[in-house]
Ligand code: UDP
Ligand code: MN
């Protein structure tokens, strides 16, 4: 019976999607994703923040807005604190996959499911997209003349970790230990995860090109390719917006393009009835 259950293809409900956020972004960022892609993964998505918010809580299934009590700044400690909490909650969920995204990420939910169906959750998988073309090099604090190098997946592009690998991370990640490791190497949360998986556990990063953070040129993604991508983001760099280029809602109404992406992918949803086409 157990064998049969293991062979079932991965479904949406086998995935734990955690979104890192902070109280300042509840209105500006969370609402947008709750109204768009999260409608397709309502029961599978959990939000990790640093304050209570009854208004947001009302939009979500109960228990899905988690106040980590981590501090609400962009410090290494605060970010690792949230990631540690995401990991602990994932481990308590018994799901096959742990996927982390930032709150400025659009997740193409059916494509994420299709991706994870290609990998066996009972093997070790670290899926993501590096932002550097080379491994990160740091000084080995045990042996300061020695450098050590490892790959890490950028948190802003999305990271998925299989259950088997998540279990192996436990001694370095569980119960807040991620914070201790992050403090030791003095790096942010996504680098710390890479250090644990790629340096300590010696497991490779599998590059998923379809994870698109705002660290890459989003305007270069061509419209016919949009449906094959798994995550998108947006950012403003000075005068220039790094956003997807596609037709849809007016840029004043949809500056992030997330509504236009959502209605491009799912045109027959009720919310998309009044998109100009
Ligand atoms: N974030 C946070 N606390 C902060 C600032 C940001 O938890 O004080 C979260 C934010 O909600 C997002 C992620 O960290 O999920 C990355 O933040 P942002 O997109 O603003 O910066 P980036 O690192 O992408 O430049
Ligand atoms: Mn960002």
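Does residue 225 satisfy being farther than 18 Å from residue 30 by Cβ and part of a helix (DSSP H, G or I)? Explain how you work it out, then say what you get.
Values: farther than 18 Å from residue 30 by Cβ: yes; part of a helix (DSSP H, G or I): yes.
It is true that residue 225 is farther than 18 Å from residue 30 by Cβ and part of a helix (DSSP H, G or I).
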Residue match in region 183-192 (condition: at pLDDT 95 or above and away from ligand 1 (no atom under 16 Å from the Cβ)): no
Output for region 97-138, where each listed residue is away from ligand 2 (no atom under 16 Å from the Cβ) and in a strand (DSSP E or B): 97, 98, 99, 126, 127, 136, 137, 138
Close pairs from region 135-149: first farther than 14 Å from residue 195 by Cβ, partner surrounded by 10 or more Cβ atoms within 10 Å (Cβ to Cβ), Cβ under 6 Å, at least 6 apart: 146/140
So residue 80, is it over 22 Å from residue 209 (Cα atoms), at pLDDT 95 or above, more than 16 Å from ligand 2 (Cβ to nearest atom) and buried (at least 16 other Cβ atoms within 10 Å of the Cβ): no
Residue 167 being out of contact with any strand residue (DSSP E or B) (no Cβ under 9 Å at 6 or more places or on another chain) and within 19 Å of residue 121 (Cβ to Cβ): yes
Subset of region 215-240 [more than 11 Å from residue 106 (Cβ to Cβ) and either buried (at least 18 other Cβ atoms within 10 Å of the Cβ) or away from ligand 1 (no atom under 16 Å from the Cβ) (or both)]: 219, 220, 221, 222, 223, 224, 225, 227, 228, 239
Single unsatisfied condition, residue 92 versus (1) more than 9 Å from ligand 1 (Cβ to nearest atom); (2) crowded, with 23+ Cβ neighbours inside 10 Å: (2)
Residue pairs meeting the criteria (Cβ under 7 Å; at least 6 apart or on separate chains; first at positive phi and surrounded by fewer than 19 Cβ atoms within 10 Å (Cβ to Cβ), in region 178-195; second assigned to a helix (DSSP H, G or I) and at pLDDT 95 or above): none
Cross-chain or 6+ apart pairs with Cβ under 7 Å, region 223-235 first and in contact (Cβ under 8 Å) with a residue 12 or more places away in the chain, then in a strand (DSSP E or B) and surrounded by 15 or more Cβ atoms within 10 Å (Cβ to Cβ): 230/211; 231/101; 231/106; 231/107; 231/211; 232/106; 234/242; 235/242
Among residues of region 240-263, those that are in contact (Cβ under 8 Å) with a residue 12 or more places away in the chain, over 17 Å from residue 34 (Cα atoms) and not in a loop (DSSP other than H, G, I, E, B), counted: 2
Conditions (1) buried (at least 22 other Cβ atoms within 10 Å of the Cβ); (2) assigned to a loop (DSSP other than H, G, I, E, B); number of the one not met by residue 169: (2)
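The values are calculated or read from the model by the stated rules, or taken from the named source; none is laboratory data. In this text the structure is predicted, and so the values were computed from the model without any measurement. Virtual Cβ from ideal backbone geometry, glycine too; neighbours counted across all protein chains shown.
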